[in-house]
1. Does region 123-179 hold any residues that are under 20 Å from the mean Cα position of the chain (by Cα), among the charged types (D, E, K, R) and farther than 20 Å from Phe9 by Cβ, and which are they?
2. Considering region 84-113 alone, what residues qualify as being among the aromatic types (Phe, Trp, Tyr) and in a loop (DSSP other than H, G, I, E, B)?
3. Scan Val247, Val256, Val239 and give me the residue that is of a type outside the set (Gly, Ala, Ser), farther than 16 Å from Glu127 by Cα and outside any helix (DSSP H, G or I).
4. Hey, among Ala86, Ala101, Ala193, which residue is without any contact (Cβ under 8 Å) to a residue 60 or more places away in the chain and in contact with a Leu (Cβ under 8 Å, 6 or more places away or on another chain)?
5. Does Asp212 fit the bill of being under 30 Å from Ala67 (Cβ atoms), without any contact (Cβ under 8 Å) to a residue 40 or more places away in the chain and among the acidic types (Asp, Glu)?
6. Could you give every pair whose Cβ atoms fall below 7 Å, whose first residue belongs to region 152-171 and is touching a residue at least 40 places away in the same chain (Cβ under 8 Å), and whose second residue is among the acidic types (Asp, Glu), counting only separations of at least 6 or pairs across chains?
7. Yes or no: region 12-28 includes at least one residue that is crowded, with 21+ Cβ neighbours inside 10 Å, touching a strand residue (DSSP E or B) at 6+ places or on another chain (Cβ under 8 Å) and either on the phi > 0 side of the Ramachandran plot or not in a helix (DSSP H, G or I) (or both).
Amino acid sequence: MQDLLDGPFAESARDFRRRVRAGAWTGQTAGTIPGAQQVNLAIVPQAAADAFAAFCAANPRPCPVLARTAPGARAMPTLGRDLDVARDAPAYRVFRHGERAERLADLDAVWRDDFVAFALGCSFSFEAAMEAAGIPVRHARLGKNVAMYVSNVPTAPAPPFAGPMVVSMRPIRPEQADRVRDLCAAFPLAHGAPVHVGDPADMGIADVTRPDFGDPPDIADGEVCAFWACGVTPQLALVNAGLEIAVTHEPGHMLVTDLDAASPDLRQWLAA
């Protein structure tokens, strides 16, 4: 793991986390450290942790697990040095009894000794590879958050967790679809290939210009919509579970790790 934590993005990722922790960066993280593995966060009480892990295992496309902490631990040493899950995401959502209760800059005031944190892969991680392949990622270029939607695709339930899949969308040209599928399939820890390319109505999305999370998309004439499974999916499952308390990142405000998202060694290590 030593080599993975000393990859080409490690120092810039650590510096970025220090800026977040100091309150110097509070926005979304698309395009911030191109090529670094970014992760979604889901934090639940220990009593619900195994059930949440089962939900992730049953739904690996939206919920690829990269790390899980011991109860009360705030570090994820396999994902980064000097990494604090309670302070290093730019914004957090707190859910209480299934209701969104608070948006916080850090979790110091609500942290509990029985909290178990999960890091789930994020599609921001493959966007540098798309750009390198000549496939523009417009929201990142414009400094916007990606558009995210509640789809009509159900997840596999793991009681008390269940709900629909959330998807993110990036517009592409039709002739790029096969290249996008092949390229993103090489990033299974970042949701992999798109789950759908084409009519948003097929995903139960009535108006693609009005996302449920993130910023409205900029779609050029002749482009089609490509949809990926999204790590905001657990937020709906947490709402349905109605836990006393649970915490996630604010959609699009990810935890940036020291890891190179494109590294084959990363995938092999996590598969071991």
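The values are calculated or read from the model by the stated rules, or taken from the named source; none is laboratory data. In this text, all values refer to a predicted model and were calculated from it rather than measured experimentally. Virtual Cβ from ideal backbone geometry, glycine too; neighbours counted across all protein chains shown.
1. Result: Arg138, Lys144, Arg170.
2. Step one: list which residues in region 84-113 are among the aromatic types (Phe, Trp, Tyr), which gives 92, 95, 111.
Hit for region 84-113 is Trp111, nothing else.
3. Numbers: Val256 fails: farther than 16 Å from Glu127 by Cα; Val239 fails: outside any helix (DSSP H, G or I).
Checking each option against the conditions leaves just Val247.
4. Values: Ala101 fails: in contact with a Leu (Cβ under 8 Å, 6 or more places away or on another chain); Ala193 fails: in contact with a Leu (Cβ under 8 Å, 6 or more places away or on another chain).
Of Ala86, Ala101, Ala193, the one residue that is without any contact (Cβ under 8 Å) to a residue 60 or more places away in the chain and in contact with a Leu (Cβ under 8 Å, 6 or more places away or on another chain) is Ala86.
5. Values: under 30 Å from Ala67 (Cβ atoms): yes; without any contact (Cβ under 8 Å) to a residue 40 or more places away in the chain: no; among the acidic types (Asp, Glu): yes.
Here the answer is no, as Asp212 does not meet what is asked.
6. Pro171/Glu223
7. Checked against the condition, which is being crowded, with 21+ Cβ neighbours inside 10 Å, touching a strand residue (DSSP E or B) at 6+ places or on another chain (Cβ under 8 Å) and either on the phi > 0 side of the Ramachandran plot or not in a helix (DSSP H, G or I) (or both), region 12-28 yields no hits at all.
So that you can scan it fast, the table gives a plain yes or no per residue for (1) at pLDDT 95 or above; (2) more than 15 Å from the chain's Cα centre (by Cα); (3) crowded, with 17+ Cβ neighbours inside 10 Å:
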position	(1), (2), (3)
Val195	yes, yes, yes
Ile205	yes, yes, yes
Asp221	yes, yes, no
Cys225	yes, yes, yes
Trp228	yes, no, yes
Leu236	yes, no, yes
Ala241	yes, yes, yes
Leu255	yes, no, yes
Ala261	no, no, yes
